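What follows is a short report on a single structure.
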Amino acid sequence: MAMSPRKRAQVSRGIQYAVLGVVVVAIALAADWGTLQQTFLNGEILPELFPDLFTVALKNTIYYTAGAFVFGLVLGLVLALMRLSSVGPYRWIATTFIEFFRGVPALIVFIGFYYGLPVAFPGRALPGGTFGTVTVALGLVGAAYMAETIRAGIQAVPKGQVEAARSLGMSSTRAMVTIVIPQAFRIILPPLTNELILLTKDSSLVYLIGLSFSDYELTKFGREGLNQYTNLTPLFAAALCYLLITVPLSVVVRRMEARADRAR
Amino acid sequence: MSQITVDENAPAIDVQQLHKYFGDNQVLTGIDFHVDRGTVVCVIGPSGSGKSTLLRCINRLEEPTSGKVFVEGVEVTDPDIDLDALRARIGMVFQQFNLFPHLSVLDNLTVAQTKVKKRKKDEAVEVARRNLEKVGLAEREDSYPAHLSGGQQQRIAIARALSMDPDLMLFDEPTSALDPELVGDVLGVMKDLASEGMTMMVVTHEMGFAREVGHKLVFMDGGVIVEEGDPRTVLGDPQEERTQSFLSKVL
Ligand SMILES: Nc1ncnc2c1ncn2[C@@H]1O[C@H](COP(=O)(O)OP(=O)(O)OP(=O)(O)O)[C@@H](O)[C@H]1O
Ligand SMILES: [Mg+2]
């Protein structure tokens, strides 16, 4: 029996949906919903997590992430400019830094930083306590990634823009600051926002270092709750809080990308 | 900034034995030529003949390999010169307009005035508005470049260059990227400028403009000036064989 390509596509789509439906139903029937709810969304434990879940854990996650993002952005911009510099040593330093911090797991950076700094500089500490330490440790990793993004953005600004600025008498620094960088950041806003999403999740690495309760962020909060209640509800609640941050950011990214597509 | 001392009697542009290589590729071979103050010099020639490179060597957007360039008696090719101050006095208009897309039209015209010439914002805005008026786009000061036609963008680019009060203007094929119906507006603005006595060096394919407005026409081919002279003479009765063959193709 001959089928038109259109018809064949419809049939194959139908089969895919049918298989998907069967899988979903099978899982739904096989799962033990009662126990699941007891384990993940326990009605007795959940209320006890408030208000600390928001006022301590979510708040700290946002603080750490924001601190690391701002620090990483500034350092990333400096590194990007160094990579594009005509001065050899600047380029080498930046390249080494970027390759190192992109190539090493953030977890190891974090541990090395937290335990290594006091050994290297006895008696001194970063200002800002936990916040300062987290900002710098996480920011170093973020900076390495953002530097590459920012460099790509700067290179994506047409050469004619610099030429126009220079022909008006602007110095190369002036042209970079007033003409190139503002345009570069428009281009890279979507990937930078993705970077913010990754940093939000990476801030969970803070659970590695010894903290007092007021410094808990979401993951630490969830794990401590897990130990206390021997129940996954606190961790699950923490996961939902991450989504509270990351999903809106994803939506924003998709909007920006759609708008950029339309402008093209 | 203005420790540059202009020689009132020197020609606007004086190019002496200019050579330019890109790697092994020799693009300009011993160019000698000058532009007198208050005159319009048009440069024509086939693609790749080095017209843009010559123009860009004059404000050192391109670094000459050897030879000298003087602008109003000041040696541009002097390694110690304050290049930014010099460039602020040389207006440049590009084929691709190169307006700053993240700035409004008014900001496009004021940004260099305030940052380079250190003018007060009020004064810069006043100068900008005057020049927008001049190019016939006074009502577009709040627009962004992306919302303007090519012809409008190029007129804004001219107004932007004029807002620096340049002593001379360089144009690199200012109408080549435009739809034919928009070319006239831009040429009109350039004609007005010429009649006000602005010194202009114009790389162009618009032979009508060269004949009507130009005081001198330069024909380049293969990195050398093949022929130069009064536009009507060069266009009407070219002496060199290469000029004749080029003109027979474009006219
Ligand atoms: N930045 C560069 N690097 C290497 N080669 C270059 C560069 N700019 C120009 N050239 C070469 O120099 C030669 C002259 O180029 P130029 O742009 O001056 O020609 P033109 O006369 O302006 O041509 P067109 O009419 O196409 O604009 C060409 O062969 C070109 O490939
Ligand atoms: Mg050219």
Net lengthening on full extension, A:Ala28/A:Val78 (0.36 nm per residue, minus Cα-Cα): 12.8 nm
List A:Glu48, B:Glu62, ordered by accessible area with a 1.4 Å probe, largest first: A:Glu48, B:Glu62
Calculated FRET value between A:Val11 and B:Asp142, using beta carbons and R₀ = 56 Å, to 0.05: 0.50
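Give, as a single signed number, the net charge of other residues whose beta carbon lies under 11 Å from the beta carbon of B:Arg211, with Lys and Arg counted +1 and Asp and Glu -1.
-2
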Using θ = phi - 60° and Karplus 6.51 cos²θ - 1.76 cosθ + 1.60, couplings along the stretch A:140-150 (whole Hz; Gly, Pro as x): 4, 5, x, 4, 4, 6, 5, 4, 5, 5, 5
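Is there a pair in A:Lys59/A:Lys201; A:Lys159/B:Lys20; B:Lys20/B:Lys115; B:Lys20/B:Lys249; B:Lys68/B:Lys120; A:Lys59/A:Lys220 whose C-alpha atoms are over 24 Å apart, and which pairs would that be?
Values: A:Lys59/A:Lys201 14 Å; A:Lys159/B:Lys20 20 Å; B:Lys20/B:Lys115 32 Å; B:Lys20/B:Lys249 27 Å; B:Lys68/B:Lys120 36 Å; A:Lys59/A:Lys220 13 Å.
Flagged as over cut-off: B:Lys20/B:Lys115; B:Lys20/B:Lys249; B:Lys68/B:Lys120.
Students often check this: by mean Cβ neighbours within 10 Å, which of A:86-97, A:230-241 ranks highest, and how do the rest follow? If you can, show how the numbers build up before the last one.
On the way: A:86-97: 12.8, A:230-241: 18.8.
Output ranking for A:86-97, A:230-241: A:230-241, A:86-97.
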Which of A:Arg6, B:Arg232, A:Arg254 is most accessible, then next, and so on - probe 1.4 Å: A:Arg6, A:Arg254, B:Arg232
Highest-MSF residue in chain A out of A:Arg124, A:Arg102, A:Arg223 [GNM, Cα springs under 10 Å]: A:Arg124
Heavy atoms of B:Asp185 accessible to a 1.4 Å probe, total area in Å² rounded to 10: 80 Å²
Positive dipole terminus of the protein assembly as shown, leading residue within A:Pro191, A:Leu29, B:Pro79 (C-beta point charges): A:Leu29
Local electrostatic count at B:Gly38 - Lys and Arg +1, Asp and Glu -1, tallied over other residues with Cβ under 14 Å: -3
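Could you work out the relative contact order of chain A, using alpha carbon pairs under 8 angstrom and six or more residues apart, expressed as a whole percent? Working shown, then result.
On the way: 262 pairs, mean separation 69.6, N = 264.
After rounding, I find 26 percent.
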For the stretch A:37-113 and the stretch A:221-264, distance of Cα centres in Å: 15 Å
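Arrange the residues B:Val125, A:Val134 by how much accessible surface each exposes, largest first, with a 1.4 angstrom probe. Don't jump to the answer; show the numbers that get you there.
On the way: B:Val125 25, A:Val134 0 Å².
Most to least solvent-accessible, the answer reads B:Val125, A:Val134.
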Fluctuation leader among B:Phe22, B:Phe219, B:Phe94 - chain B, Gaussian network, Cα springs under 10 angstrom: B:Phe22
Modelled FRET efficiency - R0 51 Å, B:Asp165 with A:Ala120, Cβ distances, 0.05 increments: 0.35
Chain lengthening between B:Val250 and B:Glu63 when straightened (0.36 nm per residue, less Cα-Cα): 64.2 nm
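Give the average, rounded to an integer, of partner chain Cβ atoms located within 10 angstrom of each Cβ in A:151-162. Don't skip to the end; give the middle numbers.
Details: counts 0, 0, 0, 0, 0, 0, 2, 3, 1, 6, 6, 2.
Mean inter-chain Cβ contacts per residue within 10 Å come to 2.
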Highest-MSF residue in chain B out of B:Leu28, B:Leu217, B:Leu137 [GNM, Cα springs under 10 Å]: B:Leu137
The stretch A:145-218 and the stretch B:84-125: distance between their alpha carbon centers, rounded to Å: 26 Å
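Summing Lys, Arg as +1 and Asp, Glu as -1, what charge do residues with Cβ under 14 Å from the Cβ of A:Leu192 carry, A:Leu192 excluded? Walk me through the numbers before you get to the answer.
Values: positive: A:Arg151, A:Arg186; negative: A:Glu148, A:Glu195, A:Glu257.
Here the charged neighbours net out to -1.
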C-alpha center-to-center spacing [the stretch B:174-212, the stretch B:63-80] in angstrom: 27 Å
Accessible area of B:Ser47 in the full protein assembly, 1.4 Å probe (Å², nearest 10): 120 Å²
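Out of the DSSP beta bridges found with both residues in the stretch B:113-251, what percent are antiparallel (nearest 5)? Could the numbers behind the result be given before it?
On the way: 5 of 10 bridges.
The antiparallel fraction comes to roughly 50 percent.
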Cβ-Cβ FRET estimate between A:Arg255 and B:Ser195, R0 fixed at 51 Å, reported to 0.05: 0.50
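The values are calculated or read from the model by the stated rules, or taken from the named source; none is laboratory data. Everything numeric here is computed off the predicted structure, so don't read it as measured data. With ideal geometry, Cβ positions are generated from the backbone for all residues, glycine too; neighbour counts draw on all protein chains shown. To get the accessible areas, we keep the full protein, side chains included, count just its heavy atoms, and leave off ligands, DNA and RNA. Shrake-Rupley method; radii C 1.70, N 1.55, O 1.52, S 1.80 Å.
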